[in-house]
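Peer 1: This is the structure I have questions about; it appears just below.
We did not get these values from a lab; they are worked out from the coordinates using the rules stated. Values in this document were obtained by computation on a predicted structure and should not be read as measured data. Virtual Cβ from ideal backbone geometry, glycine too; neighbours counted across all protein chains shown.
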Amino acid sequence: MTVSLVKYDGSLDSIRSAIDLCRGFEKLGRSHSVLVKPNNCFRHNTMPPYGMVTTTAIVEGVVQLLLEHGCRDISIGEGSIINIFDELDPYTRRGFRGTGVDRVARKYGIRLVDFNQGPFREVDLGGIRVRVAREALKTDFLINLPVLKTHFQTKVSLGFKNLKGCLSPDSKKRFHTSKRLDRLISLLNENIRSDLVLIDGIYMLEKGPETLAGTAYRKNLMIAGTDVLECDVVGATILGVDPAEIDYLTDFAGRHNLSLDVSGIETVGESLESLREELEWRFEPDKELLGPTKITGLSAPHPGQTLCSACGATLALALSMLGKDNPETDFGGAELYYGLALRAEALRKEGAGSLPARIFLYGDCAIRNNKSLLKTVSEAAPRDPGDSGAPRTATVVSIRGCPPTLTRTLLLLMKSLLGRPGMARMLFIRTLKLIGIKLRLYREVFPGWERYRSEGFDMSHFR
Ligand code: SF4
């Protein structure tokens with residue numbers, strides 16, 4: 001098959017060219033039902049969307065071309081990350097509204113589907129039962145529209161990973177807590193077939209998946225093809241990540257006896273060599289989120305793959321706010337654990353010398369998984385070395401929720417780390433900002449976001 005590499009020049013013709021060059025609509029009949037699956041995973045509209053979610057320019061262009069082709073049964077579906085805020089408003093709808101996809105739907109009479117609401121069909125993925133949006137399984141033709149981005153847990157998030165949005169909210173969590181994320185992504189792509197993949201590279205993202213820690217760049221590229229593996233191999237290569245080091249790709253290729261050698265893939269359009277980048281996918285959450293505000297004494301180690309996006313997104317936002325409102329503060333040695341990270345285990349091995357002043361267990365998983373922590377803390381660290389005084393203790397703060405809401409996260413972090421005067425001050429600042437945001441008088445800007453005010457970043461791609 002062929003993968004097309006086409007520069008996006010703002011015109012519908014350039015999107016048409018990306019699809020035509022890979023013969024993307026060859027198997028699409030006019031009477032087919034079509035499901036367009038963008039990456040619209042984050043619902044809040046304060047974060048710069050560049051490289052994080054699919055541009056509405058590409059979504060709209062694809063819809064126009066489908067109508068031109070004669071298709072009439074078109075839907076756009078997504079299941080956004082939920083439970084970050086305390087509002088009841090469905091998150092996927094907010095995501096569609098935040099990026100302008102709802103406007104496209106209204107303009108062309110397209111149906112919007114919130115995968116989080118079901119209906120679902122149960123699917124067995126190597127012994128793990130998950131619920132998949134029925135819409136994604138029964139459509140005649142699925143158009144997968146991921147973003148050209150790296151991911152701190154799976155290295156890249158392209159066509160394969162974008163289909164994770166078709167799962168029910170509980171199954172999305174299961175993907176992480178089962179400790180088999182890569183295998184499950186691979187198996188999911190055997191159950192949901194992408195008939196056409198168009199990777200939206202108008203922007204690309206380093207240290208993804210979001211723009212609190214990540215940095216977006218303008219790239220003006222579209223990668224299109226009818227084979228999801230080929231598209232992901234080409235996309236990863238352009239990002240500078242070796243496809244052979246992406247575990248869900250090696251799993252899929254291995255079971256289907258396919259090659260991950262990019263030189264074996266026929267590409268048309270731009271030269272692949274001229275498009276190669278070297279983007280970093282790794283990052284330590286504390287360094288990226290707290291470093292710019294010179295916060296010290298609070299560590300949040302890399303969570304591995306067991307942290308869900310919902311916990312990760314809420315915590316990233318809370319830490320960014322904490323850093324912004326309390327720059328250059330030393331929190332005196334606190335550690336944050338989340339997902340299935342085992343602090344109790346580490347403490348048993350390391351002994352008393354490594355005991356921090358505070359340990360935060362973030363989310364129900366971390367709390368459940370570290371049940372023995374309180375006991376371990378008192379056993380492992382009875383006293384400071386050489387100190388015959390009072391037993392040395394660490395305060396363990398459990399932040400409950402699956403995921404915890406942003407409000408609860410902020411309140412507990414403030415209470416434990418800032419003390420009463422500091423907490424009162426931050427609460428006052430946050431309340432003023434919240435009122436300002438509601439009245440549209442204030443816009444939250446975190447360190448690093450200034451760059452998105454420059455010319456290359458164009459919000460009209462998301463309206
Ligand atoms: S507590 Fe967090 S990491 Fe655990 S399942 Fe819930 S959302 Fe996922």
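Peer 1: Considering amide H positions built from the backbone, and no H for Pro or chain starts, which residues 5 or more places from Leu298, or on another chain, come under 5 Å of its amide H?
Peer 2: Placed amide hydrogens put Phe331, Gly333, Ala334 under 5 Å from Leu298.
Peer 1: Something else: With both partners inside the chain, how many of the DSSP beta bridges are antiparallel, as a percent to the nearest 5? Write out the running numbers ahead of the final one.
Peer 2: Numbers: 23 of 58 bridges.
Here the antiparallel bridges make up roughly 40 percent for the chain.
Peer 1: Follow-up. Can you tell me which of 411-421, 252-262 comes out highest on packing, and rank the rest after it, using the mean Cβ neighbours within 10 Å? It would help to have the intermediate numbers written out before the result.
Peer 2: Values: 411-421: 16.6, 252-262: 14.6.
Going by the mean number of other Cβ atoms within 10 Å, highest first, we get 411-421, 252-262.
Peer 1: Could I ask something else about it? Please work out the FRET efficiency for the pair His69 and Glu245, using the Cβ-Cβ distance as r and a Förster radius of 41 Å; give the result to the nearest 0.05. Display every interim value, and only then the final one.
Peer 2: Numbers: r = 38 Å, r/R0 = 0.92.
Using R0 = 41 Å, I get an efficiency of 0.65.
Peer 1: Now for a different question. Please name which of Val113, Thr139, Phe160 has its Cα lying farthest along the dipole of segment 2-282 towards the positive end, using unit charges on Cβ (Lys, Arg +1; Asp, Glu -1) and the Cα centre as origin.
Peer 2: Ranked along the dipole, the leading option is Val113.
Peer 1: If you count, for each residue, the other Cβ atoms within 10 Å and average over each peptide, how do 312-325, 117-130 line up from highest to lowest? Walk me through the numbers before you get to the answer.
Peer 2: On the way: 312-325: 23.4, 117-130: 14.2.
My ranking of the peptides, most packed first, is 312-325, 117-130.
Peer 1: Could you work out how much longer the chain between Arg193 and Ser372 gets when fully extended? Use 0.36 nm per residue separation minus the Cα distance between them, nm to one decimal.
Peer 2: 60.1 nm
Peer 1: Work out the FRET efficiency for Arg129 and Arg276 from their Cβ-Cβ distance, taking R0 = 45 Å, and round it to the nearest 0.05. Could you put the intermediate results ahead of the total?
Peer 2: Values: r = 40 Å, r/R0 = 0.90.
Using R0 = 45 Å, I get an efficiency of 0.65.
Peer 1: Once amide H atoms are built 1.01 Å from N in the peptide plane, which residues 5 or more positions from Met52, or in another chain, come under 5 Å H to H?
Peer 2: none
Peer 1: Taking H as built 1.01 Å from N, whose amide H comes closer than 5 Å to the amide H of Asp73, not counting residues under 5 places away?
Peer 2: Here the answer is Val34, since their amide H atoms fall under 5 Å of that of Asp73.
Peer 1: Now a separate question. Per residue of segment 308-318, in order, report the coupling 6.51 cos²θ - 1.76 cosθ + 1.60 (Karplus, θ = phi - 60°) as ³J(HN,Hα) in whole Hz, putting x for Gly and Pro.
Peer 2: 6, 4, 5, 5, x, 5, 5, 5, 4, 5, 5
Peer 1: Still on this structure: With no solvent and one equal point scatterer placed on each C-alpha of the chain, evaluate the Debye formula and give log10 I(q)/I(0) for q = 0.09 Å⁻¹, two decimals.
Peer 2: -0.60
Peer 1: Please give the residues of segment 64-78, grouped as numeric ranges, whose backbone N is less than 18 Å from a label point set 7 Å along the Cα-to-Cβ vector of Ser31.
Peer 2: Taking a point 7 Å out along Cα→Cβ of Ser31, the residues of segment 64-78 whose backbone N falls under 18 Å are 69-74.
Peer 1: Lysines near Lys37 by alpha-carbon distance under 22 Å, same-chain residues fewer than 8 away left out - which ones?
Peer 2: Output for Lys37: Lys7, Lys27, Lys107, Lys138, Lys149, Lys155, Lys161, Lys164, Lys172, Lys173, Lys219.
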